[in-house]
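Written below as C-alpha coordinates is the structure these notes are about.
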Amino acid sequence: AEGSLTYRSQIPGTYHYKGTLEGNYRLKEGLDAPEVKITVQKAEGGKIYLKTWAGQDEITLEAEEGALPEGATLLACEVKPDLAGELLSLHNRMKTLTLFAAYDMKVVKDGKKVELSEGQKAKITIRSAALPEQIQERLNLYHVKQDLMDDEGRPVSEAEAAKVLAAVKTGQTQVDKILLTRERDTLSFPLSSFSTVIVAGSVPSAATRLD
(Lines give C-alpha, C1' and ligand atoms only; values in the text may rest on other atoms or scores of the structure.)
Protein backbone atom coordinates (compact mmCIF):
# COMPACT_ATOMS: atom_id res chain seq x y z
CA ALA A 1 0.00 0.00 0.00
CA GLU A 2 1.07 3.56 -0.63
CA GLY A 3 1.18 5.81 2.43
CA SER A 4 1.68 9.46 3.27
CA LEU A 5 3.80 8.64 6.34
CA THR A 6 5.81 5.68 7.55
CA TYR A 7 3.57 4.13 10.18
CA ARG A 8 4.83 4.28 13.76
CA SER A 9 2.30 3.09 16.34
CA GLN A 10 3.97 5.09 19.11
CA ILE A 11 4.02 8.37 17.17
CA PRO A 12 0.75 10.37 17.20
CA GLY A 13 -0.48 11.48 13.80
CA THR A 14 -2.79 10.70 10.91
CA TYR A 15 -1.66 8.12 8.37
CA HIS A 16 -3.25 7.87 4.90
CA TYR A 17 -2.88 4.74 2.79
CA LYS A 18 -4.17 3.63 -0.60
CA GLY A 19 -4.14 0.04 -1.77
CA THR A 20 -1.91 -0.93 -4.69
CA LEU A 21 -1.71 -4.02 -6.91
CA GLU A 22 1.56 -5.78 -7.60
CA GLY A 23 2.81 -7.21 -10.86
CA ASN A 24 0.64 -6.92 -13.96
CA TYR A 25 -2.66 -6.78 -12.09
CA ARG A 26 -4.96 -3.82 -12.76
CA LEU A 27 -8.23 -2.74 -11.18
CA LYS A 28 -11.34 -3.21 -13.27
CA GLU A 29 -12.44 -0.02 -14.99
CA GLY A 30 -14.65 2.07 -12.73
CA LEU A 31 -13.23 0.64 -9.48
CA ASP A 32 -10.99 2.56 -7.09
CA ALA A 33 -8.40 1.12 -4.75
CA PRO A 34 -9.51 1.18 -1.08
CA GLU A 35 -8.21 4.03 1.04
CA VAL A 36 -7.55 3.86 4.78
CA LYS A 37 -6.90 6.62 7.28
CA ILE A 38 -5.50 5.69 10.70
CA THR A 39 -5.13 8.21 13.51
CA VAL A 40 -2.83 7.53 16.45
CA GLN A 41 -3.46 9.71 19.48
CA LYS A 42 -1.30 10.16 22.54
CA ALA A 43 -2.71 8.57 25.68
CA GLU A 44 -4.10 11.13 28.12
CA GLY A 45 -4.99 10.57 31.76
CA GLY A 46 -4.20 6.87 31.74
CA LYS A 47 -6.36 6.18 28.66
CA ILE A 48 -5.69 4.59 25.28
CA TYR A 49 -7.31 6.16 22.21
CA LEU A 50 -7.31 4.46 18.81
CA LYS A 51 -9.17 5.74 15.78
CA THR A 52 -9.96 4.49 12.29
CA TRP A 53 -12.56 4.80 9.51
CA ALA A 54 -15.05 2.40 7.94
CA GLY A 55 -16.26 4.03 4.74
CA GLN A 56 -17.33 7.53 5.78
CA ASP A 57 -17.84 6.61 9.45
CA GLU A 58 -15.31 7.52 12.13
CA ILE A 59 -14.71 4.86 14.79
CA THR A 60 -12.87 5.56 18.05
CA LEU A 61 -11.80 3.13 20.76
CA GLU A 62 -11.17 4.27 24.34
CA ALA A 63 -9.72 1.93 26.96
CA GLU A 64 -7.71 2.00 30.15
CA GLU A 65 -3.98 2.17 29.73
CA GLY A 66 -2.59 -1.37 29.76
CA ALA A 67 -5.85 -2.89 28.47
CA LEU A 68 -4.24 -3.46 25.07
CA PRO A 69 -0.65 -4.16 24.02
CA GLU A 70 1.48 -1.12 23.26
CA GLY A 71 1.57 -0.41 19.54
CA ALA A 72 -1.81 -1.99 18.80
CA THR A 73 -3.91 -0.61 15.91
CA LEU A 74 -7.67 -0.45 15.39
CA LEU A 75 -9.03 -1.80 12.09
CA ALA A 76 -12.63 -1.66 10.84
CA CYS A 77 -14.61 -2.30 7.68
CA GLU A 78 -18.25 -2.04 6.69
CA VAL A 79 -20.19 -5.30 6.44
CA LYS A 80 -22.27 -5.59 3.27
CA PRO A 81 -25.97 -4.82 3.89
CA ASP A 82 -27.26 -8.14 2.53
CA LEU A 83 -24.88 -10.14 4.73
CA ALA A 84 -25.63 -8.02 7.82
CA GLY A 85 -29.37 -8.27 7.17
CA GLU A 86 -29.18 -12.06 6.88
CA LEU A 87 -27.25 -12.29 10.15
CA LEU A 88 -29.85 -10.09 11.82
CA SER A 89 -32.80 -12.12 10.53
CA LEU A 90 -31.21 -15.41 11.56
CA HIS A 91 -30.75 -14.14 15.11
CA ASN A 92 -34.14 -12.37 15.38
CA ARG A 93 -36.48 -14.70 13.53
CA MET A 94 -39.64 -13.51 15.30
CA LYS A 95 -39.03 -9.77 15.01
CA THR A 96 -38.55 -7.39 12.09
CA LEU A 97 -35.67 -5.02 12.66
CA THR A 98 -34.41 -2.14 10.55
CA LEU A 99 -30.71 -2.24 9.77
CA PHE A 100 -28.76 1.01 10.06
CA ALA A 101 -25.11 0.03 9.93
CA ALA A 102 -22.81 -2.96 10.35
CA TYR A 103 -19.07 -3.19 10.90
CA ASP A 104 -16.37 -5.65 11.68
CA MET A 105 -13.71 -4.24 13.96
CA LYS A 106 -10.61 -5.64 15.55
CA VAL A 107 -7.40 -4.59 17.21
CA VAL A 108 -4.16 -5.96 15.78
CA LYS A 109 -0.49 -5.87 16.62
CA ASP A 110 2.29 -7.15 14.36
CA GLY A 111 -0.32 -8.40 11.92
CA LYS A 112 -2.27 -10.52 14.43
CA LYS A 113 -5.53 -9.92 16.28
CA VAL A 114 -5.26 -9.07 19.97
CA GLU A 115 -7.94 -8.78 22.63
CA LEU A 116 -8.45 -6.70 25.73
CA SER A 117 -6.85 -7.80 28.98
CA GLU A 118 -9.10 -10.01 31.10
CA GLY A 119 -11.87 -8.04 32.80
CA GLN A 120 -11.34 -4.92 30.67
CA LYS A 121 -13.87 -3.20 28.42
CA ALA A 122 -13.43 -0.63 25.68
CA LYS A 123 -15.77 2.20 24.83
CA ILE A 124 -16.47 2.35 21.10
CA THR A 125 -17.76 5.57 19.54
CA ILE A 126 -19.06 5.70 15.97
CA ARG A 127 -19.76 9.01 14.25
CA SER A 128 -21.98 8.61 11.20
CA ALA A 129 -23.58 11.54 9.40
CA ALA A 130 -25.75 9.04 7.54
CA LEU A 131 -27.70 8.11 10.68
CA PRO A 132 -31.18 9.69 10.26
CA GLU A 133 -31.59 12.43 12.85
CA GLN A 134 -35.38 12.12 12.83
CA ILE A 135 -35.31 8.60 14.25
CA GLN A 136 -35.77 8.79 18.02
CA GLU A 137 -36.63 5.15 18.75
CA ARG A 138 -34.16 3.09 20.72
CA LEU A 139 -31.42 1.45 18.72
CA ASN A 140 -29.59 -1.68 19.78
CA LEU A 141 -26.25 -3.17 18.96
CA TYR A 142 -26.03 -6.85 18.08
CA HIS A 143 -22.53 -8.18 18.69
CA VAL A 144 -21.95 -11.25 16.51
CA LYS A 145 -18.88 -12.92 17.96
CA GLN A 146 -17.35 -13.98 14.65
CA ASP A 147 -14.91 -12.15 12.38
CA LEU A 148 -15.94 -11.04 8.90
CA MET A 149 -12.60 -9.31 8.28
CA ASP A 150 -9.07 -10.69 8.20
CA ASP A 151 -6.17 -9.35 10.25
CA GLU A 152 -5.21 -6.93 7.47
CA GLY A 153 -8.63 -5.28 7.33
CA ARG A 154 -10.01 -7.11 4.27
CA PRO A 155 -13.51 -8.67 4.18
CA VAL A 156 -13.46 -12.47 4.39
CA SER A 157 -14.39 -14.63 1.40
CA GLU A 158 -17.98 -15.64 0.62
CA ALA A 159 -17.15 -19.14 1.81
CA GLU A 160 -15.97 -17.88 5.19
CA ALA A 161 -19.01 -15.59 5.48
CA ALA A 162 -21.26 -18.59 4.78
CA LYS A 163 -19.65 -20.42 7.72
CA VAL A 164 -20.47 -17.48 10.00
CA LEU A 165 -24.10 -17.48 8.80
CA ALA A 166 -24.36 -21.21 9.48
CA ALA A 167 -22.89 -20.79 12.97
CA VAL A 168 -25.41 -18.07 13.82
CA LYS A 169 -28.29 -20.14 12.40
CA THR A 170 -27.39 -23.17 14.51
CA GLY A 171 -26.70 -21.13 17.64
CA GLN A 172 -23.02 -22.05 17.71
CA THR A 173 -22.05 -18.38 17.57
CA GLN A 174 -22.88 -16.12 20.47
CA VAL A 175 -24.80 -12.92 19.66
CA ASP A 176 -25.11 -10.31 22.42
CA LYS A 177 -27.65 -7.47 22.44
CA ILE A 178 -26.16 -4.23 23.78
CA LEU A 179 -27.88 -0.91 24.46
CA LEU A 180 -26.42 2.11 22.70
CA THR A 181 -25.97 5.66 23.86
CA ARG A 182 -26.83 8.12 21.11
CA GLU A 183 -26.18 11.83 20.65
CA ARG A 184 -27.36 12.99 17.22
CA ASP A 185 -24.94 11.39 14.72
CA THR A 186 -22.80 9.64 17.36
CA LEU A 187 -23.28 6.19 18.86
CA SER A 188 -21.29 4.75 21.76
CA PHE A 189 -21.28 1.36 23.45
CA PRO A 190 -19.03 -0.94 25.50
CA LEU A 191 -17.27 -4.03 24.13
CA SER A 192 -15.23 -6.67 25.92
CA SER A 193 -14.10 -8.29 22.65
CA PHE A 194 -13.88 -7.29 18.99
CA SER A 195 -15.71 -8.75 15.98
CA THR A 196 -18.90 -8.00 14.02
CA VAL A 197 -21.40 -5.42 15.29
CA ILE A 198 -24.79 -4.55 13.79
CA VAL A 199 -26.80 -1.42 14.63
CA ALA A 200 -30.54 -1.92 14.26
CA GLY A 201 -33.88 -0.97 15.74
CA SER A 202 -37.63 -1.49 15.47
CA VAL A 203 -38.30 1.53 13.27
CA PRO A 204 -40.02 2.04 9.89
CA SER A 205 -38.13 0.49 6.99
CA ALA A 206 -38.13 3.82 5.12
CA ALA A 207 -35.45 4.97 7.57
CA THR A 208 -33.04 2.19 6.62
CA ARG A 209 -29.61 3.64 6.09
CA LEU A 210 -28.15 0.84 4.03
CA ASP A 211 -29.57 -0.17 0.66
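The values are calculated or read from the model by the stated rules, or taken from the named source; none is laboratory data. Computed from a predicted structure; not experimentally measured. Reconstructed Cβ throughout: ideal geometry from the backbone, glycine too, with neighbour counts over all protein chains shown. In case anyone asks, the SASA skips ligands and DNA or RNA and just uses the protein heavy atoms, side chains included. Shrake-Rupley method; radii C 1.70, N 1.55, O 1.52, S 1.80 Å.
Could you state the accessible area per residue of region 61-211 in Å², with a 1.4 Å probe and every protein chain left in place?
Numbers: 8050 Å² over 151 residues.
It amounts to 53 Å² per residue over region 61-211.
Kindly identify region 111-183 as rounded, prolate or oblate by the Cα gyration tensor criterion: order the square roots of the eigenvalues as a ≥ b ≥ c, call it rounded if a/c is under 1.5, otherwise compare a/b with b/c, prolate if a/b is larger, else oblate.
Working: a/c = 1.63, a/b = 1.42, b/c = 1.15.
Verdict is prolate for region 111-183.
Can you send over the solvent-accessible area of Asp32, 1.4 Å probe, protein chains only, in Å² to the nearest 10?
Per-residue accessible area (Asp32): approximately 130 Å².
Determine the shape class of region 47-192: with a ≥ b ≥ c the square roots of the Cα gyration tensor eigenvalues, call it rounded for a/c under 1.5, and otherwise prolate if a/b is greater than b/c, oblate otherwise.
Because a/c hits 1.5 or more and a/b fails to exceed b/c, region 47-192 counts as oblate.
Mind ranking His143, His91 by accessible surface for me, highest first, 1.4 Å probe?
On the way: His143 5, His91 75 Å².
Ranked from most to least accessible, the order is His91, His143.
What do you get for GluC sites (Glu not before Pro) in region 69-141 restricted to DSSP loop and a cutoff of at most 10 other Cβ within 10 Å of the site's Cβ? All intermediate terms of the calculation are to be shown ahead of the outcome.
On the way: sites: Glu70, Glu78, Glu86, Glu115, Glu118, Glu133, Glu137; in loops: Glu70, Glu115, Glu118, Glu133, Glu137.
For GluC sites (Glu not before Pro) across region 69-141 that sit outside H, G, I, E and B with at most 10 neighbouring Cβ atoms in 10 Å, the list reads Glu118, Glu133, Glu137.
For region 64-170, what % of the accessible area comes from carbon and sulfur atoms, probe 1.4 Å? Mind dumping the intermediate values first?
Details: 2740 of 5890 Å².
C and S fraction of accessible area: 47 percent.
Using a 1.4 Å probe and ignoring any ligands, DNA or RNA, find the accessible area of Ser157 and quote it in Å² to the nearest 10.
Approximately 60 Å² of Ser157 is accessible to the 1.4 Å probe.
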